[in-house]
Amino acid sequence: MNDPSKRRPRVGLFATCLMNVFRPNIGFSAVKLLEDAGCTVEVPAQQTCCGQPGYNSGDFDAAQALARQVIAAFEGFDYVVGPSGSCMATIRYDYPEMFADDPDWRTRAQSLAGKSFELLSFLHDELGVDRVGARLKTKATYHDSCSGLRSLGIKGQPRALLATVEGLKLKEMQDTEVCCGFGGTFCVKYPEISEKMVDDKIRNLLATGADTLLGGDLGCLMNIAGRLKRINAPVKVFHTAEVLAGMADGPGIGDAPQETR
Amino acid sequence: MEMRSAEFKTRSVFAIHDGGLQKAMGMLRDGFVAKRTVQAAELPEFEQLREEAKNLKNHILDNLDHYLERYEAAVTAAGGQVHWARDAAEAREIILGICHRVGAKIVTKGKSMVSEEIGLNEALIEKGMEVVETDLGEYIIQLADEPPSHIIAPAVHKTKDQVSDLFEEAHGGPRKTTVPDLVNEARQVLREKYFKADVGITGGNYLVAETGSSVIVTNEGNGDLTQTLARVHIVTSGIERVVPRLEDVTLFLRLLARSATGQETETYTTFSTGPRRPDDLDGPQEYHVVLVDNGRSKMLAGRFRDMLRCIRCGACMNHCPVYGSIGGHAYGWVYPGPMGSVLTPLIKGLDNAYDLPNACTLNGRCGSVCPVKIPLPDLLRELRHLQHKQKITPSLQRHALSVWRFAATRPGLYHFGERIAARILAFAGRKKGRLRKAPLASAWTDSRDLPAPSGRTFLEQWQSQRGKS
Ligand code: SF4
């Protein structure tokens with residue numbers, strides 16, 4: 001464990017917008033995994049969005065306003081952890097950049113960035129968690145979401161942990177590192193291109209014969225699940241954290257309440 | 001070339017439904033991308049070379065005036081002449097001037113993106129000259145009267161059958177159907193032109209300050225014939241392509257072929273230094289270099305300076321899933337894909353190419369393969385920032401952003417809104433767990449279902465279980 005003191009690390013959970021509204025189960029899975037690993041978890045009520053929609057739309061002012069809010073809400077914690085490579089990459093990489101011309105906030109942004117982590121990389125790389133107690137009988141494939149993969153280097157951690165889930169077999173798909181076409185507002189600004197990209201992803205996914213798709217970013221998962229459901233493909237979609245926490249026994253993303261395993 | 005980036009949306013939709021194009025693009029993905037992966041893995045120092053190339057390019061850009069002066073002096077000493085063009089119009093004037101002075105009737109051309117950028121062919125043809133593209137891909141699109149769709153594989157959007165049709169029509173048949181036959185036929189037609197050409201125009205991959213040499217890299221050897229057989233050789237190049245020393249070229253050569261086509265090296269790498277010397281067996285009587293600025297010095301001064309490191313390898317477009325979906329023509333000008341989405345707005349104006357920086361998921365794959373480590377996604381985001389500041393961004397989007405900002409900076413209000421949304425969507429999707437239609441979300445639901453929430457937000461549930469913190 002990185003924290004030299006003996007007390008349990010105090011983790012502020014970053015509850016991403018999409019998770020908060022569409023899939024609270026991912027949040028509770030994250031809490032379970034963190035508590036199992038010996039952390040104290042708190043969820044500050046003063047948080048909203050990381051600001052990425054503003055930043056990526058070119059509204060740097062709005063992004064800064066949100067970044068200040070996140071920094072103020074979380075800087076008192078030992079760690080900030082969120083179940084999304086995309087939001088956490090914004091905090092870790094973009095916040096310090098956003099305040100390039102503002103030394104005070106830059107210092108605060110850098111200090112927050114240094115202790116902000118995506119959930120699985122935090123568990124695996126920082127806390128040294130190398131196995132989980134979950135079971136799930138399934139043949140799964142894993143989609144590497146772009147920000148997590150390229151900004152945070154998330155690739156081996158989810159796979160290493162998934163390998164310890166009893167009954168789960170992972171079959172890699174072709175082009176697993178290629179974007180699924182979500183891209184935040186991209187998918188509604190350029191829906192036809194986005195559809196083409198998600199169809200390419202789904203072709204590769206179906207070719208594996210997997211019955212479950214896993215990933216670490218709810219945006220991508222909603223995009224792929226939404227398209228899978230539209231074309232009536234019988235593949236269940238879960239966030240990796242749900243499986244690792246043993247909380248993937250309910251309906252998958254986009255499935256009806258009765259469509260449990 | 002006519003600028004059509006404003007039609008990006010319609011043209012991209014059209015491209016997605018073009019079966020021939022989609023087939024061709026699939027081959028590009030499986031060919032160049034797969035081969036590059038192998039090549040990069042087989043060269044242990046590949047990542048280190050990328051870092052070195054980036055640093056060397058930065059050093060060159062920091063001292064660009066110095067190296068350009070040295071280069072000009074070296075070209076002059078070798079008996080050649082350097083011409084400076086501030087923009088596309090000046091570049092065309094200079095080249096037309098040379099062609100006019102030497103009474104050129106036939107002009108052969110090696111592959112040159114700068115000549116596309118300055119719209120050279122149209123200008124030469126308008127003055128009555130016959131222009132012959134000698135790179136096979138360029139020759140094909142010249143016959144088809146189309147712009148290139150890729151910077152190193154200009155006819156990548158064409159299938160073999162389409163090329164057979166074009167050749168049959170242009171050369172009068174009989175129709176050839178195999179690749180070797182097609183290549184041979186083109187060769188025979190082109191061979192004649194090389195010997196008759198008055199002026200040969202090529203690009204310049206590297207301009208060596210130390211020796212005054214220009215370097216071209218091809219797989220067909222067409223560039224060599226273009227530049228040695230014509231009476232006059234004109235090199236067109238951007239001012240950023242200068243390198244200090246001859247040995248610096250090797251660094252870039254090692255990266256270029258691997259990044260571009262996934263070859264270890266291209267078939268022909270040719271150095272030209274000045275015109276024919278008295279005891280040379282062949283070579284042109286005159287040697288000119290037209291150095292084009294066209295917006296580059298402005299980029300040098302600003303935050304898009306990194307873009308000037310570009311060595312035009314095409315790896316970013318090969319790896320771009322948007323480019324792979326829509327091909328190069330949708331981008332509407334000569335430079336497609338990620339590098340084009342940065343360059344086109346900078347050269348042709350932010351408001352003339354609104355979509356280009358926006359039609360990107362910022363997935364970062366381009367930046368991760370770029371041999372000179374250009375942070376393409378950051379530059380695209382920076383362009384969005386400029387568009388936002390200059391109010392080029394559609395007002396509906398700006399309005400939505402300010403509403404979002406207003407709510408998101410008020411946690412109580414934001415969470416209230418999220419709770420309402422979660423309830424409404426959960427109710428609407430209570431049977432199926434998903435929605436086929438949702439108000440204001442047709443751009444999503446036209447092609448995807450919207451997974452429905454379960455009812456109460458995470459924060460709401462957390463706070464009722466564990467209290468507020
Ligand atoms: S931006 Fe990089 S990857 Fe793209 S063409 Fe230029 S050098 Fe190649």
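Test B:ARG276 against the criterion of being more than 16 Å from the ligand (Cβ to nearest atom), within 23 Å of B:GLY97 (Cβ to Cβ) and either surrounded by fewer than 21 Cβ atoms within 10 Å (Cβ to Cβ) or within 14 Å of another protein chain (Cβ to nearest Cβ) (or both), and give yes or no. I'd like the intermediate steps shown before the answer.
On the way: more than 16 Å from the ligand (Cβ to nearest atom): yes; within 23 Å of B:GLY97 (Cβ to Cβ): yes; either surrounded by fewer than 21 Cβ atoms within 10 Å (Cβ to Cβ) or within 14 Å of another protein chain (Cβ to nearest Cβ) (or both): yes.
Considered against the rule, which asks whether it is more than 16 Å from the ligand (Cβ to nearest atom), within 23 Å of B:GLY97 (Cβ to Cβ) and either surrounded by fewer than 21 Cβ atoms within 10 Å (Cβ to Cβ) or within 14 Å of another protein chain (Cβ to nearest Cβ) (or both), B:ARG276 comes out as yes.
Scan region B:359-379 and report the pairs whose first residue is on the phi < 0 side of the Ramachandran plot and whose second residue is among the hydroxyl-bearing types (Ser, Thr, Tyr) and more than 9 Å from the ligand (Cβ to nearest atom), with Cβ atoms within less than 6 Å and a gap of 6+ or a chain change.
Close Cβ pairs (under 6 Å, with a partner that is among the hydroxyl-bearing types (Ser, Thr, Tyr) and more than 9 Å from the ligand (Cβ to nearest atom)) amount to B:ALA359/A:TYR190.
Here are the criteria: (1) within 16 Å of the ligand (Cβ to nearest atom); (2) touching a Cys at 6+ places or on another chain (Cβ under 7 Å). Tell me which single one B:ALA408 does not satisfy.
It is condition (1) that B:ALA408 fails.
Each row is one residue, and each column tells you yes or no for (1) among the polar types (S, T, N, Q); (2) in a helix (DSSP H, G or I); (3) in contact (Cβ under 8 Å) with a residue 12 or more places away in the chain.
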position: B:GLU93; (1), (2), (3): no, yes, no
position: B:CYS99; (1), (2), (3): no, yes, yes
position: B:VAL114; (1), (2), (3): no, yes, yes
position: B:ALA123; (1), (2), (3): no, yes, yes
position: B:ILE141; (1), (2), (3): no, yes, yes
position: B:ALA153; (1), (2), (3): no, no, yes
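Could you tell me which of the residues A:GLY167, A:GLY183, A:GLY153 is small (Gly, Ala, Ser), over 24 Å from B:PRO321 (Cβ atoms) and not assigned by TED's automatic domain parsing to the domain that holds A:PHE77?
Only one candidate qualifies: A:GLY167.
Looking at region A:122-190, what helices (runs of 4 or more DSSP H) fall wholly within it and have at least 1 residues that are among the aromatic types (Phe, Trp, Tyr)?
Where helices (runs of 4 or more DSSP H) fall fully within region A:122-190 and carry at least 1 residues being among the aromatic types (Phe, Trp, Tyr), they are A:186-189.
I'd like to know if region B:428-443 contains one or more residues that are assigned to a helix (DSSP H, G or I) and either modelled with pLDDT of 95 or more or buried (at least 20 other Cβ atoms within 10 Å of the Cβ) (or both).
For region B:428-443, residues assigned to a helix (DSSP H, G or I) and either modelled with pLDDT of 95 or more or buried (at least 20 other Cβ atoms within 10 Å of the Cβ) (or both): absent.
Could you tell me which of the residues A:GLY252, A:GLY226 is assigned to a loop (DSSP other than H, G, I, E, B), at pLDDT 95 or above and within 9 Å of chain B (Cβ to nearest Cβ)?
When all the criteria are applied, what remains is A:GLY252.
Among the residues in region A:166-175, are any under 30 Å from B:TRP404 (Cβ atoms) and at pLDDT 95 or above?
So far as region A:166-175 goes, no, none of its residues is under 30 Å from B:TRP404 (Cβ atoms) and at pLDDT 95 or above.
What number of residues within region B:341-377 satisfy the criterion of being within 15 Å of the ligand (Cβ to nearest atom) and farther than 17 Å from A:GLY54 by Cα?
21
Within region A:40-77, how many residues turn out to be surrounded by 20 or more Cβ atoms within 10 Å (Cβ to Cβ), in contact with a Gly (Cβ under 7 Å, 6 or more places away or on another chain) and within 7 Å of chain B (Cβ to nearest Cβ)?
Total satisfying the criteria: 5.
Just one of (1) closer than 28 Å to A:ASP36 by Cβ; (2) in a loop (DSSP other than H, G, I, E, B); (3) not hydrophobic (A, V, I, L, M, F, W, C) trips up A:GLY219, so point out which.
The one condition A:GLY219 does not meet is (2).
Could you tell me whether region A:115-124 includes any residue that is touching a strand residue (DSSP E or B) at 6+ places or on another chain (Cβ under 6 Å), more than 16 Å from A:LEU33 (Cβ to Cβ), modelled with pLDDT of 95 or more and buried (at least 24 other Cβ atoms within 10 Å of the Cβ)?
yes
Might you let me know whether region B:383-403 holds any residue that is within 20 Å of B:ALA301 (Cα to Cα), in a helix (DSSP H, G or I) and within 16 Å of the ligand (Cβ to nearest atom)?
yes
Under the condition of being part of a loop (DSSP other than H, G, I, E, B) and within 14 Å of chain A (Cβ to nearest Cβ), which residue from region B:301-327 is surrounded by the fewest Cβ atoms within 10 Å (Cβ to Cβ)?
The initial filter retains those residues of region B:301-327 that are part of a loop (DSSP other than H, G, I, E, B), namely B:302-304, B:310-314, B:319-320, B:327.
If we keep only those that are within 14 Å of chain A (Cβ to nearest Cβ) too, we end up with B:303, B:319-320, B:327.
Numbers: B:ARG303: 13, B:HIS319: 26, B:CYS320: 26, B:GLY327: 26.
It comes out as B:ARG303.
Identify, by number, the condition in (1) touching a residue at least 40 places away in the same chain (Cβ under 8 Å); (2) under 18 Å from the mean Cα position of the chain (by Cα); (3) more than 19 Å from A:GLY246 (Cβ to Cβ) that A:CYS179 doesn't meet.
If we test A:CYS179 against (1) touching a residue at least 40 places away in the same chain (Cβ under 8 Å); (2) under 18 Å from the mean Cα position of the chain (by Cα); (3) more than 19 Å from A:GLY246 (Cβ to Cβ), just (1) comes out false.
Which residues, taken from region B:334-372, are more than 13 Å from every other protein chain (Cβ to nearest Cβ) and not in a helix (DSSP H, G or I)?
Across region B:334-372, the qualifying residues are B:VAL334, B:TYR335, B:PRO336, B:GLY349, B:PRO371, B:VAL372.
I'm trying to understand the selection: among the residues of region B:252-273, which are crowded, with 18+ Cβ neighbours inside 10 Å, in a loop (DSSP other than H, G, I, E, B) and more than 16 Å from the ligand (Cβ to nearest atom)?
Selection gives B:THR273 alone.
Could you run through region B:444-466 and say how many residues are in a helix (DSSP H, G or I), within 7 Å of chain A (Cβ to nearest Cβ) and within 42 Å of the chain's Cα centre (by Cα)?
Result for region B:444-466: 1.
The values are calculated or read from the model by the stated rules, or taken from the named source; none is laboratory data. Predicted model, so just to flag it, every value in this text is computed and none were measured. A quick note on method: Cβ atoms are made from the backbone with ideal geometry, for glycine too, and the neighbour counts reach across all protein chains shown.
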